[in-house]
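Structure record follows, encoded as structure tokens.
Values quoted throughout were computed directly from the atomic coordinates according to the rules given, and no laboratory measurement underlies them. Model, not experiment: these values are computed from the prediction. Here the Cβ positions follow ideal geometry from the backbone for every residue, glycine too, while neighbour counts run over all protein chains shown.
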Amino acid sequence: MSDFVMYEEEFRRVDEELRRLYQLANAKLVFLVDKNGQLIASAGDTHNIDTTALASLTAGNIAATGGIAKLLGQKEFSILFHEGDRDNIHISIVANKVILAVLFDQRSSLGIVRLRVKKSTGALTRILHEMDKKALGEKRGRAELSPFAEITDEDIDQLFK
Amino acid sequence: MSFINYSSREINCKIVYYGPGLCGKTTNLQFIYKKTSPQQKGKLISLATETERTLFFDFLPIALGDMRGFKVRFHLYTVPGQVFYAASRKLILKGVDGVVFVADSQIERTDANIESLEDLRINLADQGYELERLPFTMQYNKRDLPNVVPVAELDSLLNPDKVPAFECVATSGRGVFETLKNIGKQVLMELKKHY
């Protein structure tokens with residue numbers, strides 16, 4: 001089991017890519033979630049949206065669809081699209097690891113979103129691979145930088161008072 | 001699988017409440033939601049049927065506070081307890097950092113508890129986990145009911161490894177936060193071991 005560790009530099013690059021996608025796809029909101037439902041980053045208007053819940057439900061959605069795919073002998077359904085009265089959401093899996101979701105309305109179109117998502121997927125995949133490599137290296141070499149290096153049992157106790 | 005974000009200085013962990021149908025998993029989360037201050041909690045999401053049986057999962061994010069400059073957050077999930085939702089249960093265990101097993105103390109639910117615990121082991125194994133190696137807390141719920149199995153017997157039936165176990169009445173909240181604190185601590189201690 002490997003944990004998901006995000007460092008400052010990768011976060012900045014992911015953030016930049018999401019913002020680019022948000023603008024080029026003319027989206028309302030773009031967000032990246034890990035497969036377990038933790039929100040990684042987002043771009044766009046998150047006012048009035050509970051992004052934590054959104055992240056968890058999106059991951060649940062992908063997990064459920066993945067379950068259906070398995071039952072049907074598919075590896076996965078890598079793209080989901082939900083069409084609403086006003087807003088639509090395009091959800092796809094990136095690098096088999098994280099979920100990219102794009103919320104958009106009539107100011108954009110499914111075609112544009114698909115095209116832009118495809119382009120961003122490549123960029124995000126590269127960042128994620130580098131992140132994995134780095135996380136491995138950090139774990140081996142620079143344990144002293146870990147948030148847990150200095151944490152004592154008392155610190156943990158303190159949290160629960 | 002926890003998520004450590006150095007940029008926003010956050011540590012996010014996933015805790016799953018597991019157990020047989022109607023044992024009180026959702027009630028645990030509802031009590032935690034009710035008693036946590038608004039700044040500390042997100043929305044309680046329940047994907048339930050019209051009769052309030054959990055269909056997919058309940059979800060409650062809570063923020064504990066800061067630890068050496070890192071915000072610590074727990075994402076609490078429940079699984080649907082009913083036997084035929086097996087496929088959904090398996091999905092929710094993905095990436096779990098710690099498990100709470102909520103046992104229904106009533107005599108007539110003894111078999112259901114044993115079956116559910118076995119189901120937990122199998123589903124964890126499918127995801128590549130071993131229950132013995134995961135932070136794990138046992139909760140004996142519904143201790144206020146008249147027809148309950150004695151704790152010693154529950155211990156020998158469900159808890160041979162002697163993980164921390166708590167007596168609980170989820171409807172009134174007795175034991176709910178004790179359980180949560182225990183699993184939370186175990187999860188963080190485990191993370192500390194790895195980093």
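Round to the nearest 0.05 the FRET efficiency obtained for A:E9 and B:R68 when R0 = 30 Å and r is the Cβ-Cβ distance.
Working: r = 21 Å, r/R0 = 0.71.
Calculated value: 0.90.
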Legend entry - Label-point separation, A:F81 to B:S156 (7 Å along Cα→Cβ), nm: 6.2
Legend entry - Candidates A:I49, A:I91, A:I151: whichever shows maximal mean-square fluctuation once chain A is modelled as a Gaussian network with Cα springs under 10 Å: A:I151
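Would you compute, from DSSP H runs of 4+ residues alone, the mean residue ellipticity of the protein assembly as shown at 222 nm, taking -39500 (n - 2.57) per run and dividing by the full residue count, rounded to the nearest 500? Write down the numbers at each step before the final one.
Numbers: 9 runs with 139 residues, N = 356.
Mean residue ellipticity, 222 nm, calculated: -13000 deg cm²/dmol.
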Inset, instruction - Report the full-extension gain for the segment B:R174 to B:K34: residue separation times 0.36 nm, less the Cα-Cα distance, to one decimal in nm. - result: 49.1 nm
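Could you check what % of the DSSP bridge pairs in chain B are antiparallel, to the nearest 5? Intermediate values should be presented prior to the final figure.
Values: 18 of 39 bridges.
Looking only at bridges with both residues in chain B, the antiparallel portion is about 45 percent.
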Inset, instruction - Take the Cα of A:L24, step 7 Å along the line toward its Cβ, and report every residue of the range A:105-132 whose backbone nitrogen sits under 17 Å from that point. - result: A:108-128
Inset, instruction - Would you calculate the separation in nanometres between label points at B:L55 and A:R126, each defined as 7 Å from the Cα along the Cα-to-beta-carbon direction? - result: 4.3
Legend entry - Environment charge at A:R13 (Cβ cut-off 13 Å; Lys +1, Arg +1, Asp -1, Glu -1): -2
Inset, instruction - Give me A:M131, B:M1 ranked fewest to most by other Cβ atoms within 10 Å of their Cβ, as a rough exposure proxy. - result: B:M1, A:M131
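Among B:V151, B:V100, B:V169, which comes first, then next, by fewest other beta-carbon atoms within 10 Å? Before the final figure, lay out the partial values.
On the way: B:V151 14, B:V100 23, B:V169 19.
Ranking B:V151, B:V100, B:V169 by Cβ neighbours within 10 Å, fewest first, gives B:V151, B:V169, B:V100.
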Legend entry - Antiparallel DSSP beta bridges within the protein assembly as shown, as percent of all bridges there, nearest 5: 65
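Under the √(5λ) rule applied to the eigenvalues of the Cα gyration tensor, what semi-axes describe the equivalent ellipsoid of the protein assembly as shown? Give them in Å, descending. All intermediate terms of the calculation are to be shown ahead of the outcome.
Numbers: eigenvalues 247, 115, 67 Å².
Working through the eigenvalues yields semi-axes of 35, 24, 18 Å.
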Legend entry - Whole-angstrom Cα spans of the range A:8-159 along principal axes, big to small: 52, 37, 32
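Work out the length of the dipole vector of the range B:3-194 about its Cα centre, built from +1 on the beta-carbon of each Lys and Arg and -1 on the beta-carbon of each Asp and Glu, and round it to the nearest 20 debye.
Values: 25 positive and 22 negative charges, 211 e Å.
I would put it at about 1020 debye.
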Legend entry - All-pairs alpha carbon distance profile, chain B, 10 Å steps from 0, percent: 9, 38, 38, 13, 2, 0
Legend entry - Computed P(r) (all Cα pairs; the range B:87-195; 10 Å bins; percent): 14, 44, 35, 7, 0
Inset, instruction - With both partners inside the range B:66-179, how many of the DSSP beta bridges are antiparallel, as a percent to the nearest 5? - result: 30
Inset, instruction - Post the alpha-carbon centroid distance, the range B:11-56 to the range A:22-91, in whole angstrom. - result: 22
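Within 10 Å of each residue's Cβ, count the other Cβ atoms and sort B:R73, B:R53 from fewest upward.
Details: B:R73 21, B:R53 14.
Going from least to most buried by this count: B:R53, B:R73.
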Inset, instruction - Compute the long axis of helix A:51-71 from its Cα atoms, compare it with the longest principal axis of the Cα atoms of chain A, and write down the angle in degrees, 0 to 90, nearest 10. - result: 70
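For the pair B:E130 and A:I112, what calculated FRET efficiency results from E = 1/(1 + (r/R0)^6), where r is the Cβ-Cβ distance and R0 = 51 Å, to the nearest 0.05? Could you put the intermediate results ahead of the total?
On the way: r = 46 Å, r/R0 = 0.91.
Once the sixth-power term is evaluated, E becomes 0.65.
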Inset, instruction - With everything on Cα atoms, drop me the angle between helix A:8-24 and the longest principal axis of chain A, reported from 0 to 90° to the nearest 10. - result: 10
